[in-house]
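Here is the structure we will look at.
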Amino acid sequence: MAAYETEVLIIGGGIAGTTIARELSKYKTDAMLVEKEMDFGQGITKSSSTIVNQGCNVVTFRPEYHNSRLVWAGMPLMEPLCKELQVPYKKIGSLTLFKNRAGMRRPNKLLSRFDEWSKKYLPHAKPLQLIDNDTLHNWEPNISKDFIGAVYDPNIAITDPVRLTIALAENAGQNGIGIMPDTKVLGIATGTEKFVVQTNKGTIKSRYIINAAGEYVVKIAREINADDFVLYPVKSYMAVLDKKVGNLLAHMVTSEEHGTVNPSVHGNLFFGISPGSQRLGKIHDHATDKIIADAALEHARKLVPAISKKDIINSWVGFIMYRNFEMGWHECSVGVSRWVPRFINASIGFPGICAAPAAAQEVIDLLAQEGLQLAQNPDFNPNRKAAPIFHELSDDEKRQLIASDRRYGQIICRCETVTEGEIVEAIKNGARSLDGVKFRCRPGMGRCQGGFCGPKVTRILARELGISPEEVTKKGDGSHYALYKSKELLEAE
Amino acid sequence: MNLQGMDIDVAVIGAGPAGMAAAIKAREKGAENVLIIERDTRLGGLLHQCIHNGFGLLYFGENLTGPEYSHRFTEKLLDTGARALLETMVLRISGEKEITAVNRRDGLFTIKPKSIVLAMGCRERSRGNINLHGTRPAGVLTAGTAQRLVNIEGFLPGKKIVILGTGDIGMIMARRLTLEGAEVKAAVEILPYAGGLIRNEVQCLHDFKIPVFLQHTVTKIYGEKRVRAVDIAALDANNNPIPETKRTIECDTLLLSVGLIPENELSTAAGIKLDPVTGGAVVNEARQTNVEGIFAGGNVLHVHDLVDNVSWESEIAGEYAARFAGGKKPPAGQITLKAGRNIRYVLPQIISGKNNVDLYLRVREPQKKVIIKMGGIQVGKTIPGVKPSSMIKLDLSAEDQQKFKRNEIVIDCLTKGD
Amino acid sequence: MQENIKIICIGCPLGCEITLTIGQKGKVEDMWGNSCKEGKAYALEEYQNPARILTSTVRTKNCSRPLLPVKTTKPVLKTELMQCISALARIRVSPPIKIGEVVLDNFLETGVDVIATDNL
């Protein structure tokens, strides 16, 4: 088993851990990030609605909540971050719908409070607007006629959170952070000067630990009795609709009681139940159930009646880690453990994607506070070049790309028009499993959900990684795509 | 060959049974330059993975396997001098009949044939389409994907199998996996009867004593990384699971055989009108869509149960596509056919009233001793039994059509009592 | 000693369940449940000779395609299917093979051959 020594060890490669790693790579320091899964952003991050720049809803976001302050501070950071890393980012705006005059009390309160608070907390935000019935249905002809107006938030944008997370990990790696996927923490002990962390890949000694383990943040903290906080996991449910109905909406739409429906950067529509309306879930149980799914669909159809069950192509649950159940989701736990020095918990709360950039900056301050010397990294390169995306190119660009590499002329995933060239590039950039390839360049994300391309991507993975096809997994050890070779079971008899 | 701007009479998209039959017929009917575009490495499409027999009983009067059926058409196709482009994907078709496609050798290119036959076949409904709940582990796959793994790629998805849906592919995979040494622990069907052909029910399920659970469904999938078990439960009259009947079956694989969807994303983009029931284009007796010069045949039009019918139907499309390329338009549609009592759909949806036409019908519910009436007039003989999974083919003579009084004709499937 | 056995007819979508009463020495003494005479003939044949054409694959060597599809030239008794399958699991074939070529001859000395159903 290998032994590693470092100054800072980040546990968890979700949006929190990778943003921190990337922020840390701006400084000359010895740091590592471990992620238990084969790829990054495969926990809570993956289940995100993809919405960023939330925060202008100052009825729910409030200065006394740590998470709200992070979300506000993060608003001006998100777009430049996505640009530097060449990750999709699209401003779509949101419409918070209301049904009648009585329903306008809340919007009026929101607008007046926004005027009051925005100068102080949200200096970068564009103002909210009240939208009348005609404008609303002119903008969004497919929303239910039950709604007579909306508050328009022009700041709301969408991204691809998993791609962002992978890009952050890649960029942090390029700038000198040791990035280790498929590395699971098995135990943590206090050494003389450094923590001693046991993993499946060997022992890692580190002076500082940043616990960004998402759903597992309490479990990791408990390893060393640094769990001086309680988290309440709450299930959220999201579903994705076929691209053919992707044009039902241009904006994110939401209402107080009916969850959210929003376009994705890839042209699908997502809908989900907002966490506030969900009951507590059993932690680590990622099963969807009929009750949540039916409720989510019913709510979504209240907003956009044309949404149909038959257009759902996938659905999933995520967890939101409530810091304080009574206070809702707005609190989070970013701070040095009260009981264990040099151990920083970074459970960034909900919405996590929005909170991550500012949380990362805060963690850097905490490291400095705890005595870490932080000198600027003069070689830091903020820019990452994204792999080409065939279907987004013009015909001429497509021709040029194929001329430069013939593998871009071979379509592997028909539903999402993904080429062999893109899959090979994804593997070159670190994809090791079917999900790794899928979240990087989308084969299997479409309407047939990998029925057609699954065997083909499996063969490409096997070829590029130099393994046999039955060693290929969906998402790491124990998730093999095919379990046996032909005739193997007959020979065993 | 230089593809960009190449002179083509008929372009056929897809070289499965439908595409091959259409291309052959187009050549036979005088189209000079016929180009068939296929995304796979071989001609034949899904026939290669259908290694079981039962193909060609009607078309050839022989009991062939999928690869054998494919072989006959492949040989013939090559003899006719039609050109084939393999490993080529069509990216879009415009309403002006421009096809943009891509492959490794030729890159991205656009052709403008005089007519087009759509023969893209169909795809399987996936897990998301049927809202299957539980976790999302490896080991949940469609029966057709499993068929490709087992019969072509050389892998078995697992050894303890539960199959949801008793479509033909599902039942055939139950037998196939049993013969590969796996244990099929249950075939679960929502309907009160098996979904596919009787032949498959007997020879794939009964022959191997596979436990069949009718009016049941899978209610939950267990396992984080790989499928560990599934829950199944009986359904009440409203198709809701009855909690007391829930049982857990340990397995490592869940196969889905829950229906097929015609693959029409290219068609919609070309402005082709689809029938919401079949999921395929609305066509006339020439199998021409609402876009002049674009024809369709086989599973892209409606999901067949027998490949023989796929071939015959696509030959019609191929023939009229060749004629269109030669400047002859198909007969104008006069009469609209509508599904009536116990009829789910009828194809073609529009007929001219002037030619003999083969009608394809599907019923909604199984019935015994039925007659088919069109506009109140009986067509054909009494049929001993009908089932939704077995398509009914009906010869409609030009003479019969003379009797039609209106330009909208309702088709009913009736028993004596009706 | 009489015994009733049930056979489902596959002749048409009706799928009639035909009951055969089997007497001493396996003689069919009565039959009911069929809707037509083809059904009767089917049930008799299925009772007397329950055999199936077997379709499967054999493994290849020195070939990019791992499997070759095959079938038996004649129906194999249902009771002998698994033996045939085991025999097929033991052989490996190399290209070139022509469709229709015998890959396993006179299986279990039954006069049944296994032939390729595709070119390799």
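The values are calculated or read from the model by the stated rules, or taken from the named source; none is laboratory data. Everything numeric here is computed off the predicted structure, so don't read it as measured data. A quick note on method: Cβ atoms are made from the backbone with ideal geometry, for glycine too, and the neighbour counts reach across all protein chains shown.
If I ask for residues that are touching a Ser or Thr at 6+ places or on another chain (Cβ under 9 Å), closer than 18 Å to B:GLN349 by Cβ and assigned to a helix (DSSP H, G or I), which ones from segment B:310-333 would you list? I'd like the intermediate steps shown before the answer.
Residues of segment B:310-333 that are touching a Ser or Thr at 6+ places or on another chain (Cβ under 9 Å), as a first pass: B:320-325, B:330-333.
If we keep only those that are closer than 18 Å to B:GLN349 by Cβ as well, we get B:320, B:330-333.
Listed by number, the list holds a single entry, B:TYR320.
Here are B:GLU244, B:GLU224, B:GLU265: which of them is over 22 Å from B:MET173 (Cβ atoms), out of contact with any strand residue (DSSP E or B) (no Cβ under 6 Å at 6 or more places or on another chain), assigned by TED's automatic domain parsing to the domain that holds B:HIS302 and of a type in the set (D, E, K, R)?
Numbers: B:GLU244 fails: assigned by TED's automatic domain parsing to the domain that holds B:HIS302; B:GLU224 fails: assigned by TED's automatic domain parsing to the domain that holds B:HIS302.
Exactly one of B:GLU244, B:GLU224, B:GLU265 is over 22 Å from B:MET173 (Cβ atoms), out of contact with any strand residue (DSSP E or B) (no Cβ under 6 Å at 6 or more places or on another chain), assigned by TED's automatic domain parsing to the domain that holds B:HIS302 and of a type in the set (D, E, K, R), namely B:GLU265.
Regarding A:LYS46, is this residue closer than 30 Å to A:ASN268 by Cα, within 14 Å of the chain's Cα centre (by Cα) and surrounded by fewer than 24 Cβ atoms within 10 Å (Cβ to Cβ)? Full working, then the answer.
Working: closer than 30 Å to A:ASN268 by Cα: yes; within 14 Å of the chain's Cα centre (by Cα): yes; surrounded by fewer than 24 Cβ atoms within 10 Å (Cβ to Cβ): yes.
Yes; evaluated as a whole, the condition is true for this residue.
Kindly indicate the residue of segment B:51-61 that is touching a helix residue (DSSP H, G or I) at 6+ places or on another chain (Cβ under 6 Å) and assigned to a loop (DSSP other than H, G, I, E, B) and also farthest from the other protein chains (Cβ to nearest Cβ) among those meeting that condition. Talk me through it step by step, then tell me what you get.
Of all residues in segment B:51-61, those touching a helix residue (DSSP H, G or I) at 6+ places or on another chain (Cβ under 6 Å) come to B:51-52, B:55-56, B:58-59.
Checking the rest, the ones that are also assigned to a loop (DSSP other than H, G, I, E, B) come to B:51-52, B:56, B:58-59.
Values: B:ILE51: 4, B:HIS52: 5, B:GLY56: 12, B:LEU58: 13, B:TYR59: 17 Å.
Within segment B:51-61, the match that is farthest from the other protein chains (Cβ to nearest Cβ) is B:TYR59.
So, in segment B:150-171, exactly how many residues are among the aliphatic types (A, V, I, L, M), part of a helix (DSSP H, G or I) and crowded, with 24+ Cβ neighbours inside 10 Å? Walk me through it before giving the result.
Looking only at segment B:150-171, we keep the residues that are among the aliphatic types (A, V, I, L, M), and these are B:150, B:152, B:156, B:161-164, B:169, B:171.
Narrowing the set further to residues that are part of a helix (DSSP H, G or I) leaves B:150, B:152, B:169, B:171.
From the residues that got through so far, the ones that are crowded, with 24+ Cβ neighbours inside 10 Å too are B:150, B:169, B:171.
Going through segment B:150-171 one residue at a time, the tally reaches 3.
Please go through (1) more than 10 Å from chain B (Cβ to nearest Cβ); (2) touching a Leu at 6+ places or on another chain (Cβ under 6 Å) for C:SER56 and return the number of the only condition it doesn't satisfy.
(1)
Name the single residue that is farthest from the other protein chains (Cβ to nearest Cβ) among those in segment B:39-50 being surrounded by 22 or more Cβ atoms within 10 Å (Cβ to Cβ) and more than 17 Å from the chain's Cα centre (by Cα).
It comes out as B:LEU43.
Report every pair of residues separated by at least 6 positions or lying on different chains whose Cβ atoms are under 7 Å apart, first residue within segment A:394-423 and at the interface with chain B (Cβ under 9 Å from one of its Cβ atoms) and at positive phi, second modelled with pLDDT under 95 and assigned to a helix (DSSP H, G or I).
A:THR417/A:HIS391
Mind checking which residues of segment A:29-47 are modelled with pLDDT of 95 or more and under 22 Å from A:ASP379 (Cβ atoms)?
A:ASP30, A:ALA31, A:MET32, A:LEU33
List pairs: first in segment A:200-219 and at negative phi and assigned to a helix (DSSP H, G or I), second crowded, with 20+ Cβ neighbours inside 10 Å and of a type in the set (S, T, N, Q), Cβ under 6 Å, 6+ apart or cross-chain?
Here the result reads A:VAL217/A:ASN211; A:VAL217/A:SER347, each pair linking segment A:200-219 to a residue that is crowded, with 20+ Cβ neighbours inside 10 Å and of a type in the set (S, T, N, Q).
Please indicate, with yes or no, whether at least one residue in segment A:360-375 is surrounded by 22 or more Cβ atoms within 10 Å (Cβ to Cβ), among the aliphatic types (A, V, I, L, M), within 18 Å of the chain's Cα centre (by Cα) and in a helix (DSSP H, G or I).
yes
Every residue, every condition in (1) outside the structural domain of A:PRO107 (by TED's automatic domain parsing); (2) surrounded by fewer than 19 Cβ atoms within 10 Å (Cβ to Cβ); (3) acidic (Asp, Glu), yes or no:
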position: A:LEU186; (1), (2), (3): yes, yes, no
position: A:ILE210; (1), (2), (3): yes, no, no
position: A:GLU215; (1), (2), (3): yes, no, yes
position: A:VAL245; (1), (2), (3): no, yes, no
position: A:GLU257; (1), (2), (3): no, yes, yes
position: A:VAL265; (1), (2), (3): no, yes, no
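Under 6 Å between Cβ atoms, at least 6 apart or on separate chains: pull out the pairs that start in segment A:29-40 with a residue that is within 12 Å of A:ILE10 (Cβ to Cβ) and end on any residue that is surrounded by fewer than 24 Cβ atoms within 10 Å (Cβ to Cβ) and small (Gly, Ala, Ser).
Filtered contacts from segment A:29-40: A:MET32/A:GLY178.
Quick one: which of B:ILE210, B:ILE272, B:ILE249, B:ILE221 is closer than 21 Å to B:GLU183 by Cβ, in contact with a Ser or Thr (Cβ under 8 Å, 6 or more places away or on another chain) and more than 12 Å from every other protein chain (Cβ to nearest Cβ)?
Numbers: B:ILE272 fails: closer than 21 Å to B:GLU183 by Cβ; B:ILE249 fails: in contact with a Ser or Thr (Cβ under 8 Å, 6 or more places away or on another chain); B:ILE221 fails: more than 12 Å from every other protein chain (Cβ to nearest Cβ).
Going through B:ILE210, B:ILE272, B:ILE249, B:ILE221 in turn, just one is closer than 21 Å to B:GLU183 by Cβ, in contact with a Ser or Thr (Cβ under 8 Å, 6 or more places away or on another chain) and more than 12 Å from every other protein chain (Cβ to nearest Cβ): B:ILE210.
Among the strands (runs of 3 or more DSSP E) confined wholly to segment A:296-349, which include 1 or more residues that are within 14 Å of chain B (Cβ to nearest Cβ) and at pLDDT 85 or above? Walk me through how you get there before you give the answer.
Details: elements: A:312-322, A:333-336, A:343-347.
Answer list for segment A:296-349: A:312-322.
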